[in-house]
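Here the structure comes first, spelled out in structure tokens, and everything after it is commentary.
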Amino acid sequence: MQKTDAILIGRQRHTETSLIVEWCCAELGIFKTIAKGALRPKSPFAGLLDLFVSCELRFVPGKSTDLGILSEARWTNPRLGLRTSYGRVLAATYLVKLITLVAERHAPLPEVHPLLVKALDYLCDKDPSPALVLRFEQRLAEALGIIPEGGESLAADAIADVFHKRLPVQRRQLFEWMQSRR
């Protein structure tokens, strides 16, 4: 049994009553667990497994697969403020998708996880701004060693070039949303 603090960054239906839940934490990086029976009305997970919440969780790591079995989850930060604005949810989604684009599964993220925590906590109280997004991309690129600390290059372009992947579509949608709010 392992115990850790993690942010819920994704979930998908596995069976009629179970979910596959994706987590991000500093020590274990990005990993997945199965929450058996989570969709049942009297499940101990009912109402707990929501996107972007921080949880203290206990799970049994998979023996022959990278899918662990979630046995317990308790909110440490529900981040309810994120739900007050479409822009906040869109920004949180973009930040998480960007991290999953560049992070290797099960690789520790000692610099990236605190960066995500800080950005999500900020978004609980304030709508996203271009400065927040650009600063997050800059710090992420620095943490990954893609650009030197304090480098002047556009971090988003550097991330796309190094990983040979397009940036998540939510980036464009987020900048359009921020532009429309001015």
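The rows are residues; the columns are (1) among the β-branched types (Val, Ile, Thr); (2) touching a helix residue (DSSP H, G or I) at 6+ places or on another chain (Cβ under 9 Å); (3) over 15 Å from Thr100 (Cα atoms).
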site: Cys25; (1), (2), (3): no, yes, no
site: Lys36; (1), (2), (3): no, no, yes
site: Ala46; (1), (2), (3): no, no, yes
site: Val60; (1), (2), (3): yes, no, yes
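Candidates Arg181, Arg166: the one that is within 20 Å of Ala103 (Cβ to Cβ), out of contact with any Phe, Trp or Tyr (no Cβ under 7 Å at 6 or more places or on another chain) and among the basic types (Lys, Arg) is Arg166.
Counting only residues that are farther than 21 Å from Ser129 by Cα and among the polar types (S, T, N, Q), which one in region 39-90 is surrounded by the fewest Cβ atoms within 10 Å (Cβ to Cβ)? Going through the qualifying residues, I end up with Ser64. Of the residues making up region 110-135, those that are more than 12 Å from the chain's Cα centre (by Cα) and either under 18 Å from Asp157 (Cα atoms) or aliphatic (A, V, I, L, M) (or both) are Leu123, Pro130, Ala131, Leu132, Val133, Leu134, Arg135. Pairing each residue of region 80-101 that is more than 17 Å from Ser180 (Cβ to Cβ) with any residue that is among the charged types (D, E, K, R), provided the two are 6+ apart or on different chains, yields C-beta distances under 8 Å for Gly81/Arg88; Gly81/Asp125; Leu82/Arg88; Leu98/Glu137; Leu98/Arg171; Thr100/Glu22; Leu101/Lys165.
Quick one: which of Gln173, Gln138 is out of contact with any Cys (no Cβ under 9 Å at 6 or more places or on another chain), crowded, with 18+ Cβ neighbours inside 10 Å, of a type in the set (S, T, N, Q) and in contact (Cβ under 8 Å) with a residue 12 or more places away in the chain? Can you show your working first?
Working: Gln173 fails: crowded, with 18+ Cβ neighbours inside 10 Å.
After ruling out the rest, the residue left standing is Gln138.
Here, each number is a calculation from the coordinates, and none is a lab measurement. Note that the structure is predicted; figures quoted are calculated from it, not measured. Please note: Cβ atoms are built from the backbone with ideal geometry, for glycine as well, and neighbour counts cover all protein chains shown.
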